[in-house]
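The values are calculated or read from the model by the stated rules, or taken from the named source; none is laboratory data. For clarity, every value in this text was computed on a predicted model and none was experimentally measured. Don't worry about glycine lacking a Cβ; one is built from the backbone with ideal geometry, like all the others, and counts go over all protein chains shown.
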Amino acid sequence: MATSYDFSGQCVLITGAASGIGLATAKALSSSNARLALCDINIKGLESFQCEGKKHRIYELDVTSPSGIAETVESALRDLGGINHVFNCAGVNPTNHALTDTTDEYWSNIVDTNVRGTYLVTRSLIPHLKPGSSIVNVSSIAGSRAMAGWAIYNASKFGVVGFSKSMALELGPKCVRVNVVAPGHIHTPTNIAVKTGQEEIDRTAEFASAMGRFGTAEEVADVVLFLMSGAARYVNGAVVDVDGGAK
């Protein structure tokens, strides 16, 4: 990573930690001396994350399950002794559909994970966050601009922004900050262009950003660490685009 922070003595809970931006952020925080509660529905992906000498904990978690979240939070608090920061990264990427071609199941998959999951995890952890804590939620450039064929994904990511800004006002008086990172086209395993292949990556990169390339998960992780760090101590309710200058 390009930046350096010291999270010694701090514990961070990360959802969606098994791959992509969540995994990159976990690695960056681990290198910055944080202790981690790594959560994902893909427990095998978590088990592959090895950090010698680090006292991290892994938890199988479906963020749409209130009982699962309550159990995980209880376990993480017991195992780590507290939570200082939360990174709500679990999410579902879209595929392009006309609204009339979408199903109730598609709506539930996108919205329940992206919005309800963020809400449930946040609600569960608020009572345990002390002054100086922070929450970083993942939206998208699709949380500030409409895209044809992405109506449901747009709704979910706009929802994350609105929810986060409201929580920033609600928790600010308690000195708990809430911010949003909004990635553009990022080279992650679930990105539709990446799943399609290199030819589609190259084609998309031409119009994805002014920089003419996809971003990396590590570049998003750098911003997440900044937002959690003391360097961002007066940053609250912000939405930070990480998109290379989206066109």
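Any chance you could count how many residues in segment 72-125 are in a helix (DSSP H, G or I) and without any contact (Cβ under 8 Å) to a residue 12 or more places away in the chain?
First, the residues of segment 72-125 that are in a helix (DSSP H, G or I): 72-80, 99-101, 104-125.
When the remaining residues are screened for being without any contact (Cβ under 8 Å) to a residue 12 or more places away in the chain, the result is 74, 78, 100-101, 104-105, 108, 123.
Of the residues in that region, 8 qualify.
So which residues in segment 34-55 are assigned to a loop (DSSP other than H, G, I, E, B), farther than 22 Å from Asn109 by Cα and modelled with pLDDT of 95 or more? Reasoning before the result, please.
Keep residues of segment 34-55 that are assigned to a loop (DSSP other than H, G, I, E, B), which gives 34, 41-42, 48-55.
Filter once more, so that each one left must be farther than 22 Å from Asn109 by Cα: 34, 48-55.
The answer is Ala34, and nothing else.
Looking only at segment 150-186, which residues are among the small types (Gly, Ala, Ser) and modelled with pLDDT of 95 or more? Walk me through how you get there before you give the answer.
Taking segment 150-186 and keeping what is among the small types (Gly, Ala, Ser), we get 151, 155-156, 159, 162, 164, 166, 168, 172, 182, 184.
Ala151, Ala155, Ser156, Gly159, Gly162, Ser164, Ser166, Ala168, Gly172, Ala182 - these are the residues of segment 150-186 that are among the small types (Gly, Ala, Ser) and modelled with pLDDT of 95 or more.
Mind listing just one residue for me: the one in segment 153-167 that is among the small types (Gly, Ala, Ser) and more than 14 Å from Thr113 (Cβ to Cβ) and, of those, surrounded by the most Cβ atoms within 10 Å (Cβ to Cβ)? Break it down into steps so the answer makes sense when it comes.
Keep residues of segment 153-167 that are among the small types (Gly, Ala, Ser), which gives 155-156, 159, 162, 164, 166.
In the following step, the residues that additionally are more than 14 Å from Thr113 (Cβ to Cβ) were identified as 162, 164, 166.
Details: Gly162: 13, Ser164: 24, Ser166: 12.
Only one residue tops the list, namely Ser164.
Do we find a residue being hydroxyl-bearing (Ser, Thr, Tyr) and under 24 Å from Ala232 (Cβ atoms) anywhere in segment 7-23? Walk me through it before giving the result.
Taking segment 7-23 first, the residues hydroxyl-bearing (Ser, Thr, Tyr) are 8, 15, 19.
Among the residues that remain, those that are also under 24 Å from Ala232 (Cβ atoms) are: 8, 15.
Yes, because at least one residue in segment 7-23 is hydroxyl-bearing (Ser, Thr, Tyr) and under 24 Å from Ala232 (Cβ atoms).
Looking at this structure, is Val63 in contact with a Gly (Cβ under 9 Å, 6 or more places away or on another chain) and in contact (Cβ under 8 Å) with a residue 40 or more places away in the chain?
On the way: in contact with a Gly (Cβ under 9 Å, 6 or more places away or on another chain): yes; in contact (Cβ under 8 Å) with a residue 40 or more places away in the chain: yes.
Yes, satisfied.
Where residues in segment 201-247 are out of contact with any strand residue (DSSP E or B) (no Cβ under 9 Å at 6 or more places or on another chain) and of a type in the set (Asp, Glu), which of them is farthest from Ser31 (Cα to Cα)?
Among residues in segment 201-247 that are out of contact with any strand residue (DSSP E or B) (no Cβ under 9 Å at 6 or more places or on another chain) and of a type in the set (Asp, Glu), the one farthest from Ser31 (Cα to Cα) is Glu206.
Residue pairs, Cβ under 8 Å, 6 or more apart or interchain, first in segment 5-29 and closer than 22 Å to His128 by Cα, second of a type in the set (Lys, Arg) and not in a loop (DSSP other than H, G, I, E, B). List them.
As it stands, the answer is Gln10/Arg35; Cys11/Arg35; Val12/Arg35, since those pairs meet every condition given.
Quick test of your reading of the structure: Gly143 fulfils all but one of (1) of a type outside the set (S, T, N, Q); (2) under 13 Å from Val240 (Cβ atoms); (3) modelled with pLDDT under 95. Name the failing condition by number.
(3)
Quick check, is Ala24 farther than 26 Å from Cys175 by Cβ, assigned to a loop (DSSP other than H, G, I, E, B) and of a type outside the set (Lys, Arg)?
Values: farther than 26 Å from Cys175 by Cβ: yes; assigned to a loop (DSSP other than H, G, I, E, B): no; of a type outside the set (Lys, Arg): yes.
The answer is no for Ala24.
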